[in-house]
Each structure stands twice: as structure tokens, then as C-alpha cells.
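The values are calculated or read from the model by the stated rules, or taken from the named source; none is laboratory data. Note that the structure is a prediction, hence the values are computed from the model and not measured. Cβ: placed from backbone, ideal geometry, glycine included. Neighbour counts: every protein chain shown. Side chains included, ligands, DNA and RNA excluded: accessible areas come from the protein's heavy atoms. Shrake-Rupley method; radii C 1.70, N 1.55, O 1.52, S 1.80 Å.
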Amino acid sequence: MTELAVSDMTLMAKTIALVEAASFRLAPGELVVLLGPNGAGKTSLLRGALGLQKPASGVAALDGVNTSALSAMQRARNLAYLPQIRPLAWPNRVRDVVALGRFSHGAALGRLKGADADAVERAIIACDLVRFAARRTDTLSGGELARVHCARAFAAEAPLFIADEPTAALDPRHQFRIMDLIRDYVGRGGGALVVLHDIHLAARYATRLIWMKDKRILADGSFAETVTADRLETVYGVKARVNGLTVEMDGAL
Amino acid sequence: MKAARYLTPGLLLASVLAIFAACLLGSTPLSPDRVLSAFFGVADAGDQLVVWSIRLPRALAAFLVGAALGLSGAALQGLLRNPLAEPGVLGVSATASLAATFALYYGLVSFSSWVLPIAAILGALAATALLTLAAIRTQSIVTLILIGVGLSSFAGAAMSLVMNLAPNPFSLSDMINWMLGSVANRSFGEITLVLPFMIAGAAILYLTRNGLSVLTLGEEAAIGVGLNLRQQRILTVLGAGLATGASVALAGAIGFVGIVAPHIVRPFVGYDPARSLIPSALLAGLILVLADIGVRLVHTDNELKLGVVAALIGAPAFVWIAMQRRTTHD
């Protein structure tokens, strides 16, 4: 059982605070959605948790080991990280891009060994990319490309998965499909932390929600516990009505 | 991708044939059997001399210089995630050339024959390191190429200054060789001097090649799949600096080979920077051997410089590749 525990973490960029005194945990079997307005510090929180940025104070630990003390390879084998999606530099084949996810296991493109080839195949099947495996990535739509990125993150077969806006710029159907893939991953025993901007997707998929605003974590709990009209007003500055899992937003305040 | 399997062996075979052909052709053409017997030391003294002291070292120098530049180009393109990156375009060769000229001009070379390759390599490393620092701050290849233009111009100006002050016509013509690039009159002695640096650079680039593959994903995502980005940058810069500097020490500044070869190779290796390294090196070596044969066969009053021919072929190819690119990539 791999568990990520962030406690009292503060991140600074020179003199400006990016995240202040944040604490949360992520364990297998959970699909945690991180919500908050632009500039709230969500991406910084993820990077700090991953150990990519050294905290000014506090600690992020993976089963008790400080994440910034892990080597890049060790970290990647335990924590799959899908940052905000950027264009690929070269028009590689889909299977090769997915295989890049095995880098932390020492895989090299073009000559995948047994375990690596199997993991790549499983990720391709899980993300419904079998038809596209031999296609060049520059012939894919945005939604298909997002699945390729998910597949390469899953191919690492890490116990924990952290994704930064994996559904950005996708149509509703593809947003559902990406979230389905992440839910399936959690069903297979993984733990996922996902940044979303869509409260409806969060309502449908999250087992837990973490709310951020102005560099701080405001709330951490189930949808019922943390989603109120007041919260949406303070976090997003919108007028909203909440009725069970249904949220209606009436516009900016 | 059947073609990919035959790519490396095919290029290797073509390179060997081209080097052999380079030994046949020249002002006094030799027949294949005379060249072969010279190879095995059973030909007459004249043939031995022509093959072992003139043609073979010259062809090998052209091949090694091309291979080092092709490898450096492919690796820099992987690191900077851009097909226009190349030691010549980025000003690395010119800076190395300037450093070498300085070493020559101030007579530092008289201390030790190692001074020249080391000066060229230090020049190459300084330029590559500066470019990498810039690459950390900006994602834009345009900025990098502009920095390269700046480096080249500065190196050119500094070189003109040194030429202005050149004490005698002899050193002047030496410097022109450095600027234009040539493998004429190279000996095995000169090759052995730079070979260790080329091998070291090539080994570093080859051993770190898988990191270039994951950089396809972008830097943040490459870190996400387990790349130590800092280490990758340092090693690629070091490897490319060693290989480019060594090639400049042997032949002066020869541009654009490092851009053309990887561009041709890439579709055959699934656009994977790691798998493009070896074929790019072989193809670039092959191109320079063939170009040098051309240089020797064309009769002109003053000998054509290899670097000039390489630029005449390479520069239009560079423009063409640049025009093919979609702006969305930057």
C-alpha cells in the first residue's frame, strides 16, 4: 500500500508564496479531485507533492520517504504524473508515445522487453487505443491525444496517479471518457489526484474533493460535506444553487 | 517499419564503399586492385603513400567530422525538441572555430599538440552551455536561433579582427581554412589527436539517448516519467560540445550537415530522437565523404573548401525545413 502524505507544506517562488501550509493524503482506491480557481496554487501543490519543487517548510512523503529525496526514476515508478498537456515535439507513433511511460522501468523505444511490452499493451487496451496504436500522433484529434497521454501515464503502472487538468479543452464526451479511464484505474487499485475545473465531473467521479483558494486548502471531504452555495461563492465567485449532487451556477458575482 | 532494420547496416555499408571510392578517385585515379593491395601493404611505395598518407586519412577525416556533426545535431534536436537545432546554425561550430584560431594565433599550439583540440572543444562547450541556459528560460526556438546568429556573427567578427591583425599571409590562409572548413592534407596523426574526444562525446550522447526520447513529451512530462532533466541537459551539452569541438579541431567549421542527416533519417526511425542518433551520424559521415570526393574532382584554381560545398547544399535544405514547419509547434 503506497500512500502520499503532504503535511503543512509551504512552497515559495523567491519571496512569493505559491502554496501555504497545505496538508492532504492520497491513498489507493481514492479518486480525489482538486478544485479551485486559476492561480489558486493547484499545479504548485501537485509539483510540491511530487517533490519536483522543494518546499520552504513542511514535507511531502511517500510511505514515509520524502518525495524530494527520491530519484526521478523512483518517483516515477510510484507516482505517475500527467502535467497539463503540451504538444508533442515529434509525430511519433501512438505505441511509442505510450512506451515512453515505461522510461522509469528502463525501457527503450523500439526494443521493449517482456514486462514493458505487456504494460504498454495493457495501457493501450485500457485507453481504447488499439485501433490507433500504429497511427502517427499528428493525425489524432485532441480527445484521442488526451487518451494517448493517459495511456502513457498508466503504462508506468504506478500505484498513484496525479493529473493536472486532463480534461482541458475536450468535448463533453471525451471528458467523460478520460474520467472513466481514471475511474477504471482506481478500480484496479490505484489512487488518483486530478485537477478539474468542472464541478459536475467532480460530482460524478470524485470520492473526495479538495478545495483550494488563494494558496490554501479550504476544505477536504466528500461532495456532500464540501459543496455548498457558500463555498462556490467564496472559491469561484459565482452565484450557485446546490441540490444533492446537482449544482446550478447562475453567473459571476 | 522494415526499412528501419536495414537503415543502419545499409548506411554503414554505403559509408565503407564511399571511403573506398574516395581512395580510388583523385588526380591520379587508382584501380580497385591497386587500392586493395595498398590496403594490405603489398603495393608499390607510391600507391602506399597515396592511399595511406593522403586519401584514406582525408576520407576518414571527412567521415568522422560528418559523423560527429550528425550525431551532435540529432542529439541537440532531441534536447531542444526542434529539427532546426544544429551545431552550425546555433553558432557552436563558429565559436569553437574562433577558440581554435585564437590558440593558433597566439602560438599556444606550440606548448602541446593537445592545445588545439582542447581550445576548440572549450569554445564549443561555452557556446552549447550558453544556448542551453537560454533554452531553460525560453521555449522558443526562434530565440535560440537568434542567439546562434549572434554567436556566429560575434565569432565571425572576432575572427576577422584576428585576421586583420594576422602577422603574415601564412597564418592568414590558415585561418581562412578554419572559417571555411576543409579536410585537405589531414594525417592519421591529426585524426588520433581528436578521436578520443569524438569517442567520448559520442559515448555520452549514445548512453543518454533514451532521455532524448522522453523529451518528446515536453520537459515537465519528461520529468513526470522519470527523467533527470538537469543531468540530461548537462550530458547532452557535454557530449555535443566534445564531438563538435573535436570535429572543428580537425576540419574547421562545417555547417548544416547536422541538420540535413537527422531530417532524412527521422521518418525511418519513427521520429524517435534516440533511434535517430546512429543513422544520423552514419548518413552525415557519408554525405561529407561524398561531398569531399566532389570537392576533389571539381578542378578549380584554388581548391574548393568542403565547408563551402556543405553550406551550398545544406543552407537551402535548412531554409526548406524551416518553411515546412507549422508555427503551432513553438
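In this structure, does residue B:27 turn out to be in contact with a Lys or Arg (Cβ under 9 Å, 6 or more places away or on another chain) and loosely packed, with under 15 Cβ neighbours inside 10 Å?
On the way: in contact with a Lys or Arg (Cβ under 9 Å, 6 or more places away or on another chain): yes; loosely packed, with under 15 Cβ neighbours inside 10 Å: yes.
Considered against the rule, which asks whether it is in contact with a Lys or Arg (Cβ under 9 Å, 6 or more places away or on another chain) and loosely packed, with under 15 Cβ neighbours inside 10 Å, residue B:27 comes out as yes.
Could you tell me how many of the residues in segment A:131-179 are away from chain B (no Cβ under 13 Å) and hydroxyl-bearing (Ser, Thr, Tyr)?
Residues that pass the stated criteria total 2.
So which of B:102, B:39 ends up being aromatic (Phe, Trp, Tyr) and within 21 Å of residue B:289 (Cα to Cα)? Reasoning before the result, please.
Working: B:102 fails: within 21 Å of residue B:289 (Cα to Cα).
Sole residue among the options that is aromatic (Phe, Trp, Tyr) and within 21 Å of residue B:289 (Cα to Cα): B:39.
Which pairs have Cβ atoms under 6 Å, sit 6 or more apart or on different chains, and link a residue in segment A:42-64 that is under 16 Å from residue A:215 (Cα atoms) to one that is among the charged types (D, E, K, R)?
As it stands, the answer is A:43/A:164; A:46/A:164; A:53/A:47; A:58/A:8, since those pairs meet every condition given.
Which residue is modelled with the lowest pLDDT, if the candidates are limited to segment A:96-119 and must be within 7 Å of another protein chain (Cβ to nearest Cβ) and surrounded by fewer than 19 Cβ atoms within 10 Å (Cβ to Cβ)?
That would be A:110.
Residue check: is residue A:215 within 25 Å of residue A:75 (Cα to Cα) and away from chain B (no Cβ under 14 Å)? Show your work before the answer.
On the way: within 25 Å of residue A:75 (Cα to Cα): yes; away from chain B (no Cβ under 14 Å): yes.
So residue A:215 passes the test.
So residue A:84 fits all but one of (1) over 19 Å from the mean Cα position of the chain (by Cα); (2) more than 7 Å from every other protein chain (Cβ to nearest Cβ); (3) not in a helix (DSSP H, G or I); (4) not hydrophobic (A, V, I, L, M, F, W, C); what number is the exception?
(1)
Within segment A:54-69, is even one residue surrounded by fewer than 23 Cβ atoms within 10 Å (Cβ to Cβ), at the interface with another protein chain (Cβ under 10 Å from one of its Cβ atoms), in a helix (DSSP H, G or I) and aliphatic (A, V, I, L, M)?
No, there is no match, as no residue in segment A:54-69 is surrounded by fewer than 23 Cβ atoms within 10 Å (Cβ to Cβ), at the interface with another protein chain (Cβ under 10 Å from one of its Cβ atoms), in a helix (DSSP H, G or I) and aliphatic (A, V, I, L, M).
Let's see how each residue does on (1) under 30 Å from residue A:145 (Cβ atoms); (2) in contact with a Gly (Cβ under 9 Å, 6 or more places away or on another chain):
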| site | (1), (2) |
| --- | --- |
| A:186 | yes, yes |
| A:200 | yes, no |
| A:222 | no, no |
| A:234 | no, no |
| A:237 | no, no |
| A:243 | no, no |
| A:249 | yes, no |
| A:252 | no, yes |
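Condition first: at positive phi and either open to solvent by 50 Å² or more (accessible area, probe 1.4 Å) or aromatic (Phe, Trp, Tyr) (or both). Now tell me which residues in segment B:137-187 satisfy that.
Of the residues in segment B:137-187, the ones at positive phi are B:181, B:185.
Within segment B:137-187, B:185 is the sole residue that qualifies.
Conditions: (1) in contact (Cβ under 8 Å) with a residue 60 or more places away in the chain; (2) of a type outside the set (D, E, K, R); (3) part of a loop (DSSP other than H, G, I, E, B). Residue A:91 meets all but one. Number of the miss?
Condition (1) is where residue A:91 drops out.
Determine whether segment B:24-43 contains at least one residue that is outside any helix (DSSP H, G or I), touching a residue at least 40 places away in the same chain (Cβ under 8 Å) and of a type outside the set (Ser, Thr, Tyr).
Yes - at least one qualifying residue is present in segment B:24-43.
Please give the number of the condition residue A:14 fails out of (1) at positive phi; (2) within 14 Å of chain B (Cβ to nearest Cβ).
(2)
If the requirement is being within 14 Å of another protein chain (Cβ to nearest Cβ) and closer than 28 Å to residue B:116 by Cα, which of these qualifies: B:280, B:247?
On the way: B:247 fails: within 14 Å of another protein chain (Cβ to nearest Cβ).
Checking each option against the conditions leaves just B:280.
Check segment A:127-134 and report whether any residue there is in contact (Cβ under 8 Å) with a residue 12 or more places away in the chain, within 15 Å of residue A:77 (Cβ to Cβ), in a loop (DSSP other than H, G, I, E, B) and open to solvent by less than 40 Å² (accessible area, probe 1.4 Å).
We begin by selecting, within segment A:127-134, every residue in contact (Cβ under 8 Å) with a residue 12 or more places away in the chain; these are A:127-129, A:132-134.
Subsequent filtering for residues that are within 15 Å of residue A:77 (Cβ to Cβ) retains none.
Scanning segment A:127-134, I find no residue that is in contact (Cβ under 8 Å) with a residue 12 or more places away in the chain, within 15 Å of residue A:77 (Cβ to Cβ), in a loop (DSSP other than H, G, I, E, B) and open to solvent by less than 40 Å² (accessible area, probe 1.4 Å), so the answer is no.
Starting from segment B:285-311, take each residue that is under 18 Å from residue B:256 (Cβ atoms) and list its partners that are outside any helix (DSSP H, G or I) and open to solvent by 70 Å² or more (accessible area, probe 1.4 Å), counting only C-beta distances under 8 angstrom and pairs at least six apart or across chains.
These pairs meet every condition: B:295/B:303; B:304/B:298.
Taking residue A:93 as the residue in question, decide whether it is modelled with pLDDT of 90 or more, open to solvent by 60 Å² or more (accessible area, probe 1.4 Å) and within 7 Å of chain B (Cβ to nearest Cβ).
Numbers: modelled with pLDDT of 90 or more: yes; open to solvent by 60 Å² or more (accessible area, probe 1.4 Å): yes; within 7 Å of chain B (Cβ to nearest Cβ): yes.
Judged against the criteria, residue A:93 is a match.
List the residue pairs whose Cβ atoms are under 7 Å apart, where the first residue sits in segment B:216-229 and is more than 7 Å from every other protein chain (Cβ to nearest Cβ), the second is open to solvent by less than 10 Å² (accessible area, probe 1.4 Å) and part of a helix (DSSP H, G or I), and the two are 6 or more positions apart or on different chains.
Listed by first residue and then by second, the contacts come to B:222/B:214; B:222/B:215; B:229/B:222.
When segment B:259-277 is examined, which residues are found to be open to solvent by 30 Å² or more (accessible area, probe 1.4 Å), within 14 Å of chain A (Cβ to nearest Cβ) and closer than 16 Å to residue B:318 by Cα?
B:263 - this is the single residue of segment B:259-277 that is open to solvent by 30 Å² or more (accessible area, probe 1.4 Å), within 14 Å of chain A (Cβ to nearest Cβ) and closer than 16 Å to residue B:318 by Cα.
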